Amino acid sequence: MTKRNRAIGGLLTLAVAAGVAVASPIGDDGPRHSASAPVAAAKSAKSAKSAKSAKSAKSANTTDHARLRAILHRLTTVDGGPGALVEMRNRTGRAVLTSGVADVRTNAPVHRDSRFRIGSMTKMFLATVMLQLVGEHRVVLDAPVERYLPGVVRGHGNDGQKMTVRQLLQHTSGVPDILDHLSPQEILNDPLAHRDMRDLVNIALDHPPTFEPGKGWRYSNTGYFLAGMIIERVTGRTYGEEIRRRIITPLGLRETYVPGDASEIPGPHPRGYVRPGEDAPLRDITAINPSVGGPAGEMISSGGDVNRFLAALLRGKLLHPAQLREMTRTRPTGNSDGRAYGLGLESRPLPCGGRYWGHTGDIPGYETAAGATVDGRQATVMVNLGPGGPDAQSDDIKSAVQTALCE
């Protein structure tokens, strides 16, 4: 889901426990790149092992993460988020930092192995499935949507014959965004209601396109609902089944789910909160029917699983080189921060140099972001508040990802 709908509340003033807990790094549990430079021949195996141990000890030192801990503290004090988590992963291992609380009623701390709703980070998974189908010659990126969904995109100037699959994935189709026509209050009034994918698409298509296909860029969740429908039409299985069998199962993502209508979050998780008005108290929205997010934002995952997914994606474990090149062919979005959007994957510049790949996410109860570099660094951040947080919350979440990747 998109961040425009998080602006229903003002600055939060919730007082929460704001201490930052640091979990010591543990061994990397996934494939690693080889070192960029060989170890000098003069070093003995013993000295190499000692050097590695010293590096691990340094990583465990909390002073190494001072800037990141300060950002997490700000997220759970000044920004007003109840709790926050960042999980980092690189060649030497991974580390988890948390701040604040998972439950404002009990003041329970945020669990280091938390699961949470990832919102629009779902788009990375869905786009990966679509590009696998492209690699199997079952979908053509530049074919019209009408080829796969005959008669679906019609009316009010919307025309499936004029927009392509690529444009759906890159937000250049001009198809109106469902969240421009479905208010957050409608969702909060009936959070457990099932919302049919086709019905949501039809609500959006009752309105004219935002621009002619290919002539602009504007974020549209509707495009991903249509992409999910294409996957189902081509494969004969639900998009959730395809994500599970093509990504979740092969990568062993045991904390990642496509929940459908299931309203609970399996395993340890922070409560999810919204602030429905500027002066309104926090409301617990942990239990929600995520069909409102559908293929654009319904998934549940963890920091570790999102990082493993991004690592596998950028290493070419999920897509052939030709399809990965298509996914990472970006176009500017007009943001002043240099954000560019590919196919379900966006890139931003890093303050320490280079760029990183990932996505942000919003769904009632949670705001998230993740990023990864091609040299093997990943970071995922979660705050258990949304919508209703200030703009500073989004800024600090982005800053946390970038800081983690630059450490």
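Some observations on this one:
- Listed by position, the strands (runs of 3 or more DSSP E) inside the range 59-144 whose residues that are in contact with a Lys or Arg (Cβ under 9 Å, 6 or more places away or on another chain) number at least 1 are 83-90, 93-100.
- Filtered by the rule that a residue be surrounded by fewer than 17 Cβ atoms within 10 Å (Cβ to Cβ) and not β-branched (Val, Ile, Thr), the range 220-257 gives Arg233, Gly236, Arg237, Glu241, Arg245, Pro250, Gly252, Arg254.
- When restricted to residues that are of a type in the set (Val, Ile, Thr) and outside any loop (DSSP other than H, G, I, E, B), the range 145-158 contains 1.
- Filter pass, Ile300 being open to solvent by less than 10 Å² (accessible area, probe 1.4 Å), hydrophobic (A, V, I, L, M, F, W, C) and more than 18 Å from the chain's Cα centre (by Cα): no
- Residues in the range 315-366 that are over 18 Å from the mean Cα position of the chain (by Cα) and among the hydroxyl-bearing types (Ser, Thr, Tyr): Ser336 only.
- Residue pairs whose Cβ atoms lie under 7 Å apart, sitting 6 or more positions apart in sequence or on different chains, and linking a residue in the range 306-320 that is in contact (Cβ under 8 Å) with a residue 40 or more places away in the chain and assigned to a loop (DSSP other than H, G, I, E, B) to a partner that is open to solvent by 10 Å² or more (accessible area, probe 1.4 Å) and not polar (S, T, N, Q), are Leu319/Gly135; His320/Gly135.
- Counting only helices (runs of 4 or more DSSP H) that fall entirely inside the range 178-245 and contain at least 3 residues that are touching a Lys or Arg at 6+ places or on another chain (Cβ under 8 Å), the qualifying elements are 221-235.
The values are calculated or read from the model by the stated rules, or taken from the named source; none is laboratory data. What you see is a predicted model; the values in this text were computed from it and never measured. For neighbour counting, all protein chains shown are included, and Cβ atoms are generated from backbone atoms with ideal geometry for every residue, glycine included. To get the accessible areas, we keep the full protein, side chains included, count just its heavy atoms, and leave off ligands, DNA and RNA. Shrake-Rupley method; radii C 1.70, N 1.55, O 1.52, S 1.80 Å.
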